[in-house]
1. Among (1) in a helix (DSSP H, G or I); (2) more than 19 Å from B:G42 (Cα to Cα); (3) facing chain B (nearest Cβ under 10 Å); (4) in contact with a helix residue (DSSP H, G or I) (Cβ under 6 Å, 6 or more places away or on another chain), where does A:R101 come up short?
2. In region A:5-12, is there at least one residue being at the interface with another protein chain (Cβ under 7 Å from one of its Cβ atoms) and either part of a loop (DSSP other than H, G, I, E, B) or surrounded by fewer than 22 Cβ atoms within 10 Å (Cβ to Cβ) (or both)?
3. Consider A:R24 against the criteria (1) under 21 Å from D:M1 (Cβ atoms); (2) more than 14 Å from the chain's Cα centre (by Cα); (3) in a helix (DSSP H, G or I); (4) among the charged types (D, E, K, R): it satisfies all of them except one. Which criterion is unmet?
4. For the list (1) surrounded by fewer than 22 Cβ atoms within 10 Å (Cβ to Cβ); (2) closer than 20 Å to B:Q57 by Cβ, I need the number of the one condition that C:S19 fails.
5. Which of the residues spanning region A:22-52 are closer than 13 Å to D:M53 by Cβ, facing another protein chain (nearest Cβ under 7 Å) and in contact (Cβ under 8 Å) with a residue 40 or more places away in the chain?
6. For region A:74-90, give me each residue that is surrounded by 14 or more Cβ atoms within 10 Å (Cβ to Cβ) and out of contact with any strand residue (DSSP E or B) (no Cβ under 7 Å at 6 or more places or on another chain).
7. Can you tell me which residues in region C:62-73 are out of contact with any Asp or Glu (no Cβ under 9 Å at 6 or more places or on another chain) and surrounded by 14 or more Cβ atoms within 10 Å (Cβ to Cβ)?
8. So, in region D:15-53, exactly how many residues are at pLDDT below 95 and either in contact with a His (Cβ under 6 Å, 6 or more places away or on another chain) or not polar (S, T, N, Q) (or both)?
4 protein chains.
Amino acid sequence: MHAVAELSLFPLDKGSSLSPYVARAVAIIRDSGLAFELGPMGTCIEGPLAQVMAVVQACAEDLSRDCDRVYLTVKADLSRKGPGRLAAKVRSVEEKLAPAR
Amino acid sequence: MHAVAELSLFPLDKGSSLSPYVARAVAIIRDSGLAFELGPMGTCIEGPLAQVMAVVQACAEDLSRDCDRVYLTVKADLSRKGPGRLAAKVRSVEEKLAPAR
Amino acid sequence: MHAVAELSLFPLDKGSSLSPYVARAVAIIRDSGLAFELGPMGTCIEGPLAQVMAVVQACAEDLSRDCDRVYLTVKADLSRKGPGRLAAKVRSVEEKLAPAR
Amino acid sequence: MHAVAELSLFPLDKGSSLSPYVARAVAIIRDSGLAFELGPMGTCIEGPLAQVMAVVQACAEDLSRDCDRVYLTVKADLSRKGPGRLAAKVRSVEEKLAPAR
């Protein structure tokens, strides 16, 4: 199965400056070689389900080296179609958008 | 409180072509005048908490005109800071990204 | 539309002892008179969509009295059917569970 | 790292009777031997992060045998503490609940 998964993860025990920790996870995602896209509330990753899950786990394990508590959400759309869905999903909505009122 | 909220919503009773329904919600978000950003797994909306919640509810009510079952997720980061966080949150992570290996 | 919504919310600027803040939100949910159920990862609320959304907003506003940053997730199943879905949804799965291997 | 993870997953191409598919996932979770708790909006699983992730992936792979599109959300709280958090997290909130008004 091909996955587009949005990952959000951050420590709960390091105060409210979360971006250094998010950046560590994003670096792991980028270095995985999978397609990805950074967004305001999470990072979307695209690839075979097993590879995407392995990257999510690697991100969580990296934070747990120095964080005692980590919060994580994943939201994924699994399909037989792929690759290229990261862009195709957005384009498909944009094409159907009614003109602004 | 200022909110950056990511909304995903789609019908559960209309088959797997979801983009026409997502596009209706995105049109409502766009017409609200709030800042927003379309992504592969949801649409981020930025604004005062009460206004963002009102837009989320308007999207759900619009789909319920012709859908008997709707699934909805919201993930929000509420802060005293704003506006401009939609871009600032991404920039803050990008600035801290280690160089690619 | 009738909603079953699971709410998770907690401050990001108060350390990792989150239960006092969660308890404040749960008290607001309980005092709303809507049906609810506490779980390990969130609290499910059942009622008309507008009332459920109002309770979610009241919880977020209560935390923002003394928290500078709050994280919130909502996952909702909207349906024309109701009330009683909080129990019916679990029962419906349990009835279909294959015997343990 | 010890995880309490709530999993929701269902097909997007099989109409709105989702409970037979949810029951298949719950059977896999139960047969894994990990502690779990069924709820109205998802199933909470408790165990070492790697084992919990493996069960989530097994559930998704099982549905993909006959579903062409699957939606999945995971919300997890990772901690050095455990086991027993499935019950402890709820108890900790209940103990702090203000008396009903």
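The values are calculated or read from the model by the stated rules, or taken from the named source; none is laboratory data. Just so you know, these numbers come straight off a predicted model, no measurement behind them. Virtual Cβ from ideal backbone geometry, glycine too; neighbours counted across all protein chains shown.
1. Only one criterion is unmet by A:R101, namely (1).
2. Within region A:5-12, one or more residues are at the interface with another protein chain (Cβ under 7 Å from one of its Cβ atoms) and either part of a loop (DSSP other than H, G, I, E, B) or surrounded by fewer than 22 Cβ atoms within 10 Å (Cβ to Cβ) (or both).
3. The single condition A:R24 does not satisfy is (2).
4. For C:S19, the exception is condition (2).
5. Matches in region A:22-52: A:L49 only.
6. A:A88
7. C:D62, C:L63, C:S64
8. Total satisfying the criteria: 1.
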